[in-house]
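Report on the following structure.
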Amino acid sequence: MAGPKFGSFKGEKGESAAAAGAAAQRRDPYEVLGVGRNATEQEIKSAFRRMALKYHPDKNADDPIASEKFQEATFSYNILSDPDKRRQYDSSGFEAIEADSQELELDLSSLNTVNTVFAALFSKLGVPIKTTVSATVLEEALNGSVEISQLQLGKSVCRKVEKQTAHFYSVDITDKEAKMGLVCRVHSTAKSKFKLLYFEPEDNGGLSLALQEDSAKTGKVTSAGMFFLGFPVYRFEQNNSAAAAKDPDSAFFKRLDGFQPCEVNELKAGTHYFAVYGDNFFKSVSYTIEVVCAEPFSAEKERLRSVEAKIIAKRSELSKFESEYREVLAKFTEMTSRYAQEMQTIDDLLKERNAIHASYTNNPTLQRSSSSSKGKSPSKGSKNEDDQTVKKEKKSKSQPMDGSRSDDEATKNKKEKKPKDRIRRKKWFNIHLKVDKRRPC
């Protein structure tokens, strides 16, 4: 059956307190969660769960201080639960986390409708929005108040879970099945977002979250899986697409950094608990869950072990290759710049040589043209001026020296020449050519 439903946090005071807390000076994440700097991953998880259950907005709707503490605990947990973020914080503090554009995980159940809409819009635009399991679901599981369905090995179950709620399942395995390995897989043909959860039983009869796998899009479906095969198995978290777009080289060399070992590699005989959590923003999630024994898949087990070993080896090779690549890239950039400079220098020297060759003449017209060719390219205006100068010299030579011509005749001739030149120029630009039919072609 479906897990319990719950309301969203709508208190305006809580929202303003959360905003004030974000703007204020942040405290040390270790101090916030009350753990030491050498705390294990399990100790950090336990500390966060205690604080999340205590200060969750669903239980403290009218308490702005509790809301602020919940946001602070969530922020601290997201740093210390991620090995890369924790290492960055230990070395350089909050500045390294912010410089790396790390995003927070959101509990959608604590957002009001407006904030949920904005989160959904950003997700559609490609901004990675990480979400966490609702504290209400974790609290009810810890108190043992969730309904659990029995799941048979090798039989798939198709169901629909509402957003921010969970379906719980139990699976019984024998010693032989535990030794051969167990695989739990969930997929959604509707491409819905969900989380596959694994819970461990507590002494009080409740369940505590131990493992979590977010669904990933593979082809036309979204899927998630957990593999308990008796040897180290790895999970792969994709890099931030926005960061990859800004620096594709760094994204490539860090691509395998998200390939990390799973915390649990094998299960013991007995009853084990899984859950499917609806992680859509608004819609319910249609899914299919199946738990199988790995005994019939011995060949696949060996292939998985082999290919993951190759991926680990390739990750080590990438770190070495990156330094070589950066060195060669810097050299290539330097050589490319020098290539452009050398080409420009050669062009300038050849132009200067041609100008010197052209200067060996007594013809003033050629000297002028050679001096103008020293630039990159002669302008149209200078070319037209040279043509006009040559035409004037030819006209002055062809005209007879007649002193008896009056100034009135010269003025008349000038007036007659202007409209002709204007007509001829107009005909030229209109591409209007007159053909003399009396002359044979």
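The values are calculated or read from the model by the stated rules, or taken from the named source; none is laboratory data. If you're wondering where the values come from, they're calculated on a predicted model, not measured in any experiment. Every residue, glycine among them, receives a Cβ derived from its backbone with ideal geometry; neighbour counts consider all protein chains shown. What goes into the accessible areas is simple: the full protein's heavy atoms, side chains included, and nothing from ligands, DNA or RNA. Shrake-Rupley method; radii C 1.70, N 1.55, O 1.52, S 1.80 Å.
Before moving on, here are some points about what is shown:
- Overall, the accessible surface of the stretch 224-351 at a probe of 1.4 angstrom is composed of carbon and sulfur to the extent of 58 percent.
- The H on the amide N of PHE259, modeled in the peptide plane, is under 5 Å from the matching H of GLU237, each at least 5 residues off or on a different chain.
- A simple count of charges around ARG185, restricted to other residues whose Cβ falls under 11 Å of its Cβ and scoring Lys, Arg +1 and Asp, Glu -1, yields -2.
- Cβ-based net charge around LYS217, under 12 Å, with every Lys or Arg adding one and every Asp or Glu removing one: +2
- Amide H contacts of ASN143: LEU207, each under 5 Å away and 5 or more positions distant or on a separate chain (H built 1.01 Å from N in the peptide plane; Pro and chain starts excluded).
- In the context of the full set of protein chains, residues of the stretch 150-247 present 51 Å² of accessible surface per residue (probe radius 1.4 Å, heavy atoms only).
- Note on the stretch 288-357: semi-axes of the ellipsoid equivalent to its C-alpha gyration tensor, largest first and rounded to whole Å, are 62, 14, 9.
- Sum of side-chain charges, GLU327 neighbourhood, beta-carbon under 15 Å (Lys, Arg +1; Asp, Glu -1): -1
- Remark: accessible surface ordering of GLU72, GLU352 (largest first) is GLU352, GLU72, probe radius 1.4 Å.
- Global geometry of the stretch 154-266, whether rounded, prolate or oblate, following the gyration tensor of its Cα atoms and the 1.5 cut on a/c: prolate
- Percent of Cα-Cα distances greater than 21 Å, calculated over the stretch 206-312: 51 percent
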